[in-house]
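Down below is the structure, laid out as structure tokens.
The values are calculated or read from the model by the stated rules, or taken from the named source; none is laboratory data. Predicted model, so just to flag it, every value in this text is computed and none were measured. A quick note on method: Cβ atoms are made from the backbone with ideal geometry, for glycine too, and the neighbour counts reach across all protein chains shown.
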Amino acid sequence: MALTLVGPFTFAQDKETITVGSKMDGESYLLAEIMSQLLESDGYIVDRRFGMGGTLITYNALTSGEIDLYPEYTGTITAALLSEDELSDNPISIDDLNKILNDKDLHVNFTFGFNNTYAMAIKRELSDEKGIKSISDLQNHPDLNVHFSHEFLNRNDGWPALKAAYGLSYEPTGIQHGLAYKAIDEDAIDMTDAYSTDGDIERYGLILLKDDLEFFPKYFAASLTRTDFPLRAAELLAELSSSLNDESMRAMNAQVVIHERTFADVANEFLISKNLVSEQRQQAGWSTRLLSNTLTHIKITLIALSAGCVFALILAFLIFRSVKLSRSVIYFSGLMQTIPSIALLALMIPLFGIGELPAILALFLYSLLPILRSAVTALTTIDPVLVNVSRAIGMTRFQQLSRVIFPLALPNILSGIRTATIICIGTATLAAFIGAGGLGEPIVTGLALNDTNLILQGAVPAACLAIITELLFELLEKKVIPEHMRVR
């Protein structure tokens with residue numbers, strides 16, 4: 001399915017920065033890395049925003065201009081991103097698909113040449129034992145323990161339509177895609193959805209059930225861009241057209257998940273084999289990546305927490321004298337705390353795009369409740385006799401606040417800031433889902449590859465940051481608060 005470039009693209013005067021995104025599955029990482037390295041070989045500066053969560057997050061980032069391209073699948077475009085009215089002509093070619101996408105200022109630049117369709121995966125031993133070879137055979141085995149990825153459970157081309165087409169009766173539970181394979185290997189579940197070119201299929205000795213009703217459409221991997229994508233870059237990337245087939249893509253995925261090679265190394269080897277680049281890429285060591293991720297994590301946490309402290313403390317001093325107002329504000333900040341972290345981050349994308357800014361804003365909102373609640377509680381529970389005495393001896397309101405009220409409230413205020421800091425450090429790991437980096441980046445990559453070592457490269461430093469923060473707050477409290485006033 002080679003593609004001839006047509007007119008939507010524009011010429012680039014000089015080499016520029018191109019932002020490449022990907023979803024959080026391993027194959028998307030690998031395809032995005034291949035495109036990134038090819039662009040870099042021609043002098044472009046590439047800003048990598050990999051592992052950005054599900055289809056809609058990545059698609060919205062593209063349409064809003066936060067990323068410039070990402071690897072997508074034709075079946076996903078038709079089933080999840082376009083409406084039935086738009087598909088009334090049942091487009092089957094890239095040219096037909098582009099006629100619809102161009103109206104949205106989007107364009108499929110090229111297809112890689114392989115079809116990574118959905119499939120049902122089970123253990124080979126279970127298949128042989130129960131005689132399950134096709135999806136239709138599942139009708140005779142309603143007792144299987146079935147878990148599907150969250151996206152598959154809700155897509156038009158996913159579980160609801162598959163269940164109706166095959167007359168299945170399962171009530172599956174959601175599970176993160178990368179973790180499902182290990183769960184099958186450990187006999188925790190019996191079946192999950194898979195991508196037909198996943199390296200984990202070979203890694204865990206799974207088989208794919210035959211789609212005997214040919215329910216799943218073709219999912220040709222493609223480069224999805226906007227129509228304002230630079231023409232020179234589009235022409236360069238088009239050299240990847242039809243460069244892979246199902247077997248070669250599965251082998252490349254296996255290099256990552258089985259032989260534990262990095263995406264960058266596998267991508268570089270592929271480009272060299274196709275004579276698209278001539279030099280071996282030098283990759284930063286794990287210590288360099290760890291330092292960079294840690295510094296980014298500290299930066300976004302510190303900025304969000306500082307803003308939260310200033311805002312919450314000023315607000316607390318303004319409202320603590322009014323019981324009704326205090327309760328209303330704390331109630332509202334409590335509602336913000338009930339919004340799931342990943343949902344709040346996703347909601348930030350249409351308003352503030354991707355990257356550090358929406359992550360900082362989300363962490364800022366999460367820091368408000370513990371700081372505000374502890375400050376208001378501390379200020380309203382100060383002994384009124386002390387306040388009356390300070391007023392009787394002629395102190396101004398500012399002097400009362402600075403010399404009496406604030407020092408007495410400080411232990412509880414610090415306790416709230418301490419809690420908010422720990423919350424922000426933990427929640428900041430999710431910022432990687434919207435391209436903000438930090439210690440969540442190796443965690444997201446590790447989830448995509450089911451690689452415990454990678455997950456620990458993010459989780460352990462984040463835990464260490466939390467411990468160090470606790471120790472620093474203890475030292476601070478000993479420094480500024482008398483022992484008899486410390487919160488125990």
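Answer yes or no as to whether I354 is in a helix (DSSP H, G or I) and either more than 22 Å from T421 (Cα to Cα) or over 26 Å from the mean Cα position of the chain (by Cα) (or both).
On the way: in a helix (DSSP H, G or I): no; either more than 22 Å from T421 (Cα to Cα) or over 26 Å from the mean Cα position of the chain (by Cα) (or both): yes.
Considered against the rule, which asks whether it is in a helix (DSSP H, G or I) and either more than 22 Å from T421 (Cα to Cα) or over 26 Å from the mean Cα position of the chain (by Cα) (or both), I354 comes out as no.
Let me confirm something: among D103, D128, which residue is modelled with pLDDT under 95, assigned by TED's automatic domain parsing to the domain that holds T63, exposed (fewer than 13 other Cβ atoms within 10 Å of the Cβ) and assigned to a helix (DSSP H, G or I)?
Of the residues listed, the single one that is modelled with pLDDT under 95, assigned by TED's automatic domain parsing to the domain that holds T63, exposed (fewer than 13 other Cβ atoms within 10 Å of the Cβ) and assigned to a helix (DSSP H, G or I) is D103.
Inspect segment 400-418 for any residue being within 28 Å of the chain's Cα centre (by Cα), in the same structural domain as L347 (by TED's automatic domain parsing), within 25 Å of L372 (Cα to Cα) and buried (at least 17 other Cβ atoms within 10 Å of the Cβ) and give the result as yes or no. Give the derivation first.
Step one: list which residues in segment 400-418 are within 28 Å of the chain's Cα centre (by Cα), which gives 417-418.
This time we only want the ones that are in the same structural domain as L347 (by TED's automatic domain parsing), so: 417-418.
Those still in the list that are within 25 Å of L372 (Cα to Cα) too: 417-418.
If we keep only those that are buried (at least 17 other Cβ atoms within 10 Å of the Cβ) too, we end up with 417-418.
Checked segment 400-418: at least one residue is within 28 Å of the chain's Cα centre (by Cα), in the same structural domain as L347 (by TED's automatic domain parsing), within 25 Å of L372 (Cα to Cα) and buried (at least 17 other Cβ atoms within 10 Å of the Cβ).
Just to be sure before I move on: is S328 hydroxyl-bearing (S, T, Y), outside any helix (DSSP H, G or I) and surrounded by fewer than 17 Cβ atoms within 10 Å (Cβ to Cβ) in the structure I sent?
Numbers: hydroxyl-bearing (S, T, Y): yes; outside any helix (DSSP H, G or I): no; surrounded by fewer than 17 Cβ atoms within 10 Å (Cβ to Cβ): yes.
It is false that S328 is hydroxyl-bearing (S, T, Y), outside any helix (DSSP H, G or I) and surrounded by fewer than 17 Cβ atoms within 10 Å (Cβ to Cβ).
The rows are residues; the columns are (1) in a helix (DSSP H, G or I); (2) farther than 14 Å from L305 by Cα.
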position: M395; (1), (2): no, yes
position: I413; (1), (2): yes, no
position: I422; (1), (2): yes, no
position: T427; (1), (2): yes, no
position: L454; (1), (2): yes, yes
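Limited to segment 352-402, what total is found for residues that are free of Cβ contacts under 8 Å to residues at least 60 places away in the same chain and either among the small types (G, A, S) or touching a Gly at 6+ places or on another chain (Cβ under 6 Å) (or both)?
Qualifying residue count, segment 352-402: 8.
Taking the condition buried (at least 22 other Cβ atoms within 10 Å of the Cβ), in contact (Cβ under 8 Å) with a residue 12 or more places away in the chain and either among the polar types (S, T, N, Q) or closer than 22 Å to A448 by Cβ (or both), does T262 pass?
Working: buried (at least 22 other Cβ atoms within 10 Å of the Cβ): no; in contact (Cβ under 8 Å) with a residue 12 or more places away in the chain: yes; either among the polar types (S, T, N, Q) or closer than 22 Å to A448 by Cβ (or both): yes.
No, not satisfied.
Do we find that F311 is under 30 Å from A466 (Cα atoms) and among the hydrophobic types (A, V, I, L, M, F, W, C) in this structure? Before the answer, list the steps.
On the way: under 30 Å from A466 (Cα atoms): yes; among the hydrophobic types (A, V, I, L, M, F, W, C): yes.
The answer is yes for F311.
Residues of segment 42-75 being of a type in the set (S, T, Y), within 15 Å of the chain's Cα centre (by Cα) and surrounded by fewer than 23 Cβ atoms within 10 Å (Cβ to Cβ), which ones?
Result: T55, Y59.
Take segment 291-341 and flag every residue that is more than 17 Å from G435 (Cα to Cα) and within 19 Å of the chain's Cα centre (by Cα).
Once the filter is applied, which keeps residues that are more than 17 Å from G435 (Cα to Cα) and within 19 Å of the chain's Cα centre (by Cα), segment 291-341 yields I339, P340.
Based on this model, can you work out whether R403 counts as among the charged types (D, E, K, R) and modelled with pLDDT of 90 or more?
Values: among the charged types (D, E, K, R): yes; modelled with pLDDT of 90 or more: no.
It is false that R403 is among the charged types (D, E, K, R) and modelled with pLDDT of 90 or more.
So, in segment 86-100, of the ones that are within 19 Å of L62 (Cβ to Cβ) and within 30 Å of the chain's Cα centre (by Cα), which residue ends up modelled with the lowest pLDDT? Please lay out each step first, then the result.
The initial filter retains those residues of segment 86-100 that are within 19 Å of L62 (Cβ to Cβ), namely 86, 94, 97-100.
Among the residues that remain, those that are also within 30 Å of the chain's Cα centre (by Cα) are: 86, 94, 97-98, 100.
Values: E86: 72, I94: 88, L97: 89, N98: 92, I100: 90.
So, considering only residues that are within 19 Å of L62 (Cβ to Cβ) and within 30 Å of the chain's Cα centre (by Cα), the one modelled with the lowest pLDDT is E86.
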